[in-house]
Amino acid sequence: MEMIVFMGIQAVGKSEFYKRKFYKSHIRINLDMLKTRNREKILIEACLKAKQPFVIDNTNPTVSDRKKYITMAKNERCKVVGYYFKSSIAEALERNGKREGSENLPSVALKSTYAKLELPNMEEGFDELFYVHINQEGEFIIEEYSDEI
């Protein structure tokens with residue numbers, strides 16, 4: 001069983017990456033859809049109980065944001081994989097500017113998340129950790145994580 005945790009500011013491609021890589025194998029858990037932490041917790045617990053692989057598709061910018069998920073998963077002997085989405089604030093703001101409707105977020109929201117962003121590390125409890133970035137052709141590039149960016 002596997003829990004995947006996405007980490008990164010808004011507009012860096014997390015949801016698109018999920019669609020391309022995990023749509024057919026993992027449940028997507030996302031606060032934008034679920035709206036409350038209680039609903040999120042219920043769905044996570046159901047996935048853990050059913051041994052259903054799932055992805056936490058939120059920004060998860062801080063160690064403390066990620067800790068609650070990792071603790072729940074480890075208590076159920078679940079493999080924890082992290083994907084950190086590397087992007088500059090300028091790139092994220094540019095991509096956000098191309099979004100339409102409610103998907104286009106105020107720039108202050110991206111800047112606020114960026115300001116509190118803490119790089120992940122294996123000591124948090126990840127079994128595997130990867131970098132993800134988008135190249136010029138719009139393809140997702142996945143790299144092994146290291147402590148240096």
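What the table below lists for this structure:
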| quantity | calculated |
| --- | --- |
| Flag if residue 18 is at pLDDT 95 or above and in a loop (DSSP other than H, G, I, E, B) | no |
| Residue match in segment 24-32 (condition: surrounded by 13 or more Cβ atoms within 10 Å (Cβ to Cβ) and touching a Gly at 6+ places or on another chain (Cβ under 7 Å)) | no |
| Breaking point among (1) over 22 Å from residue 132 (Cβ atoms); (2) in contact with a helix residue (DSSP H, G or I) (Cβ under 9 Å, 6 or more places away or on another chain); (3) in contact (Cβ under 8 Å) with a residue 24 or more places away in the chain, for residue 51 | (2) |
| Cross-chain or 6+ apart pairs with Cβ under 7 Å, segment 61-75 first and touching a residue at least 12 places away in the same chain (Cβ under 8 Å), then in a helix (DSSP H, G or I) and among the small types (Gly, Ala, Ser) | none |
| Residue list for segment 100-146, filter: modelled with pLDDT under 90, surrounded by 11 or more Cβ atoms within 10 Å (Cβ to Cβ) and part of a loop (DSSP other than H, G, I, E, B) | 104, 145 |
| All positions within segment 96-109 that are closer than 15 Å to residue 15 by Cβ and either over 20 Å from the mean Cα position of the chain (by Cα) or not small (Gly, Ala, Ser) (or both) | 96, 98, 99, 100, 101, 103, 104, 105 |
| Single residue of 42, 9 found to be β-branched (Val, Ile, Thr), loosely packed, with under 14 Cβ neighbours inside 10 Å and either assigned to a loop (DSSP other than H, G, I, E, B) or at pLDDT 95 or above (or both) | 42 |
| Qualifying residue in segment 22-34 (condition: closer than 11 Å to residue 85 by Cα and modelled with pLDDT of 95 or more) | no |
| Some residue of segment 69-79 being over 27 Å from residue 47 (Cβ atoms) and surrounded by 14 or more Cβ atoms within 10 Å (Cβ to Cβ) | no |
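Yes/no matrix, rows are residues, columns are (1) assigned to a helix (DSSP H, G or I); (2) of a type in the set (Phe, Trp, Tyr); (3) over 22 Å from residue 146 (Cα atoms):
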position: 24; (1), (2), (3): no, no, yes
position: 49; (1), (2), (3): yes, no, yes
position: 59; (1), (2), (3): no, no, no
position: 70; (1), (2), (3): yes, no, no
position: 82; (1), (2), (3): no, no, no
position: 93; (1), (2), (3): yes, no, yes
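The values are calculated or read from the model by the stated rules, or taken from the named source; none is laboratory data. Remember, it's a predicted structure, so these values are computed and weren't measured experimentally. Virtual Cβ from ideal backbone geometry, glycine too; neighbours counted across all protein chains shown.
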